[in-house]
Amino acid sequence: MDMDSALALLDWQIEMGATEAIGDTPVNWYEVEAAKPPVPPRAVAAPPPMPATPMPASTPPAEVDAVAQARAAAAAAQDLAGLRAAMADFDLCEIKRGAKNLVFADGTPAARVMVIGEAPGRDEDLQGKPFVGRAGQFLDRMFAAIGMARDSADAQTALYITNVLPWRPPQNRDPQPDEVAMMLPFLERHVALAAPEVLVLMGNHSCGALLGRKGITRLRGHWAEALGRPVLPMFHPAYLLRNPHAKREAWHDLLMLQARLRGE
Ligand code: URA
């Protein structure tokens, strides 16, 4: 067969689907495979050196117990200034990130009455003081009606004011249970260091934190006890601004407080 005829025949076979050229004698390909020398590993360029970052630990780090850390930090505070510093240093409460200021307290630490609100709002966050916005101004007028003021130099007529949470929650949302739980040791220490005679709890969240109960409509107007002190739950001033008809009950509660302080 000449070269041109052989090539034409090969083209035709390929066109017909032939993929292998088979010889005249059979070949055992299994034996051929086994006899092949091992293929040496291909030389691969060494990767560039990795930056010296620490390897991830094989076990995840133990979860941080924020409540235990808060408890330890609060217990170590020997006075109000120390407590304020410990709270400013406490980084485990998420809402701190969005807040402009720590809102620790305002008024007279020696006051017989300590008022506990919920959490700072916008004005409080900006000024770093509790109850300075519209609700706070109303709170001042409420207590002025029974002769008490946060800036009174006389402990008999003064108020000391703080909140369950010392940072403004984003968009003024309600405090979350985990936030309340981790800030509660600080609040408890705050009360112990200020040592007021009486606590006034403004609204549901402070009742939830210190009495373990909510339902201000039923709680208000009744003396309770928390942290070894008499506690009077009252409607929150923001609620009273929205529900002026409830001011009558608030006035009743203020008179109850006044009578208690007078020893009546
Ligand atoms: N409401 C609160 O409960 N606390 C504040 O400080 C301001 C508004």
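The values are calculated or read from the model by the stated rules, or taken from the named source; none is laboratory data. Keep in mind that what you see is a predicted model, and the values were worked out from it rather than measured. Every residue, glycine as well, gets a Cβ built from its backbone with ideal geometry; the counts of neighbours run over all protein chains shown. Note: areas computed on protein heavy atoms with side chains; ligands, DNA, RNA excluded. Shrake-Rupley method; radii C 1.70, N 1.55, O 1.52, S 1.80 Å.
Residues in region 149-165 that are within 12 Å of the ligand (Cβ to nearest atom) and either hydroxyl-bearing (Ser, Thr, Tyr) or more than 19 Å from residue 190 (Cα to Cα) (or both): 162 only.
Based on what the data block shows, is residue 195 more than 16 Å from the ligand (Cβ to nearest atom), at pLDDT 95 or above and either of a type in the set (A, V, I, L, M) or open to solvent by less than 10 Å² (accessible area, probe 1.4 Å) (or both)? So residue 195 fits the description; yes. So, in region 146-180, of the ones that are among the small types (Gly, Ala, Ser) and surrounded by fewer than 13 Cβ atoms within 10 Å (Cβ to Cβ), which residue ends up farthest from residue 250 (Cα to Cα)? That would be 153. Looking at 171, 156, just one residue is modelled with pLDDT under 95 and outside any strand (DSSP E or B), and that residue is 171. Could you list all residues from region 245-264 that are without any contact (Cβ under 8 Å) to a residue 60 or more places away in the chain and either within 35 Å of the chain's Cα centre (by Cα) or open to solvent by less than 100 Å² (accessible area, probe 1.4 Å) (or both)? Across region 245-264, the qualifying residues are 245, 246, 247, 249, 252, 253, 256, 259, 263. Can you work out which of the residues in region 201-216 that are free of Cβ contacts under 8 Å to residues at least 40 places away in the same chain and more than 13 Å from the ligand (Cβ to nearest atom) is nearest to residue 107 (Cα to Cα)? Checking each candidate, the answer is 211. Filter region 218-244 for residues that are small (Gly, Ala, Ser) and farther than 17 Å from residue 136 by Cα; which is most open to solvent (accessible area, probe 1.4 Å)? Only one residue tops the list, namely 228.
Here 112, 97 are screened, and the one residue that is away from the ligand (no atom under 16 Å from the Cβ) and either within 23 Å of residue 253 (Cβ to Cβ) or open to solvent by less than 10 Å² (accessible area, probe 1.4 Å) (or both) is 112.
Matching residues to (1) within 13 Å of the ligand (Cβ to nearest atom); (2) in contact with a Leu (Cβ under 8 Å, 6 or more places away or on another chain); (3) assigned to a helix (DSSP H, G or I):
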{"site": "199", "(1), (2), (3)": "no, yes, no"}
{"site": "218", "(1), (2), (3)": "no, no, yes"}
{"site": "225", "(1), (2), (3)": "no, no, no"}
{"site": "230", "(1), (2), (3)": "no, yes, no"}
{"site": "245", "(1), (2), (3)": "no, no, yes"}
{"site": "249", "(1), (2), (3)": "no, no, yes"}
{"site": "253", "(1), (2), (3)": "no, yes, yes"}
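Any residue that is aliphatic (A, V, I, L, M), closer than 17 Å to residue 261 by Cα, touching a Ser or Thr at 6+ places or on another chain (Cβ under 8 Å) and more than 13 Å from the ligand (Cβ to nearest atom) - is there at least one of those in region 127-148? Looking through region 127-148, at least one residue is aliphatic (A, V, I, L, M), closer than 17 Å to residue 261 by Cα, touching a Ser or Thr at 6+ places or on another chain (Cβ under 8 Å) and more than 13 Å from the ligand (Cβ to nearest atom).
Conditions (1) over 15 Å from the mean Cα position of the chain (by Cα); (2) under 14 Å from residue 120 (Cβ atoms); (3) assigned to a loop (DSSP other than H, G, I, E, B), marked per residue:
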{"position": "165", "(1), (2), (3)": "no, yes, yes"}
{"position": "179", "(1), (2), (3)": "no, yes, no"}
{"position": "190", "(1), (2), (3)": "yes, no, no"}
{"position": "193", "(1), (2), (3)": "yes, no, no"}
{"position": "207", "(1), (2), (3)": "yes, no, no"}
